[in-house]
């Protein structure tokens, strides 16, 4: 099960993701990002502090929302991933395209 909660400030939208990020539940994250983009969000932070595990399908969903955000001329960033989740992202090479330093880019997020 995944729970997606949204928080918006003036300049940043934060999507809080919880649970095990796998294909069936990654779709909810995708819908959350789509909704934010429809409402005009252009900077989206994925807070993964509540994510316990990610499989290949979940990694694919993260790439999908990254591409979706980029196509809308927005920016997507990952924050607060556990060491285990960070290792999975690193092995998949996702840190080559995704930024993870929320303090540097958006200090109001921390």
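Per-residue Cβ neighbour counts within 10 Å put 85, 62 in the sequence 85, 62, beginning with the fewest. Modelled spin-label separation between residue 55 and residue 95, with each label point placed 7 Å from Cα along the Cα-to-Cβ direction: 2.5 nm.
Based on the Kirkwood approach, the hydrodynamic radius assigned to the stretch 12-85 is 12.0 Å, with every pair of different Cα atoms included.
Rule-based calculations on the coordinates, nothing more; no lab input. Everything numeric in this text was worked out from a predicted model, so none of it was measured. Note that we place each Cβ from the backbone using ideal geometry, even for glycine, and neighbour counts take in every protein chain shown.
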